[in-house]
1. Using only the Cα atoms of region 4-46, build the gyration tensor, take square roots of its eigenvalues as a ≥ b ≥ c, and label the shape rounded, prolate or oblate: rounded if a/c is under 1.5, else prolate if a/b is larger than b/c, else oblate.
2. Round to the nearest 0.05 the FRET efficiency obtained for R160 and E53 when R0 = 41 Å and r is the Cβ-Cβ distance.
3. Would you mind calculating the gained length between R69 and A36 on full extension (0.36 nm times residue separation, minus the Cα-Cα distance), in nm to one decimal?
4. Could you give me the ³J(HN,Hα) list for region 8-15, computed from phi with Karplus coefficients 6.51, -1.76, 1.60 and θ = phi - 60°, whole Hz, x at Gly and Pro?
5. Which of V157, V133 has the fewest other C-beta atoms within 10 Å, and how do the rest follow up to the most?
6. So how do I188, I8, I143 line up by other beta-carbon neighbours within 10 Å, fewest first?
7. So which of K11/K91; K11/K40; K55/K91 end up more than 27 Å apart by C-alpha?
8. Please arrange K40, K91 by counting, for each residue, the other beta carbons lying within 10 Å of its beta carbon, fewest first.
Amino acid sequence: MEKLPLTIRQKEILEYLGVHTRDYGYPPTVREVCRATGLKSPRSVSQHLQALERKGYIQRGRDKSRAIRFLHRPDSLGPNGADHTVALPLKGHVAAGLAINVNDVDPSSYYVDRSLFAGEGNFLMKVEGDCMVDAHILEGDLIVVAPDRTATSGDVVVARVGSEVTVKRYEMRGGSEYLVSQMGPVRIDSKGSEVQILGRVVGLIRSAC
């Protein structure tokens, strides 16, 4: 789909968003865009960001100062992002509590520093619920998942329970396997259980409010 043309100022802001994301692994705040572009009013920056969103270049999370996703990659990120950044695809929502059906989300990626989350095939899932706060995982967080079907006792994992998906701590107790959260342990029945580990949680991204 052909994108609508940008003004000179919109191009400047989009390029700065890309440069900052490439260099730091996350987008700038509105005030950082103000300082970088010489615009004196955060309102002016917000209006330009709204135009970039309306024209299909970015998507912004509401009430999150750094929640900007690129729907059309700026040239400043290069053809493959940058050597020290990696694009992690957002693959859906995951419950921290009762398992939920996986929700479809708009296909998008977040560019992060490659050194933070090493490994091939890592992806993101957005957390719903607050039953994993003991593991410092809060509702609205993005968890980084390594697609590993095996886990060590104590690992936080994403698991499929029947047709639903949840995030829990994996534990071995008395020779039995459990998925544990603040809601209590759920025993994994090795003789035909429908519980399947989809990956280990290896990182977390929390947008600054």
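What follows is calculated from the coordinates using simple rules that are stated; it is not laboratory data. Every value quoted in this text rests on a predicted model; they were computed, and no experiment measured them. Cβ atoms come from the backbone with ideal geometry, glycine included; neighbour counts cover every protein chain shown.
1. oblate
2. Efficiency computed from Cβ-Cβ geometry: 0.75.
3. Going from the current span to full extension adds 9.9 nm.
4. Ordered by residue, 3J(HN,Hα) equals 4, 5, 5, 4, 4, 5, 4, 5 Hz.
5. V133, V157
6. I8, I188, I143
7. Correct reply: K11/K91.
8. K40, K91
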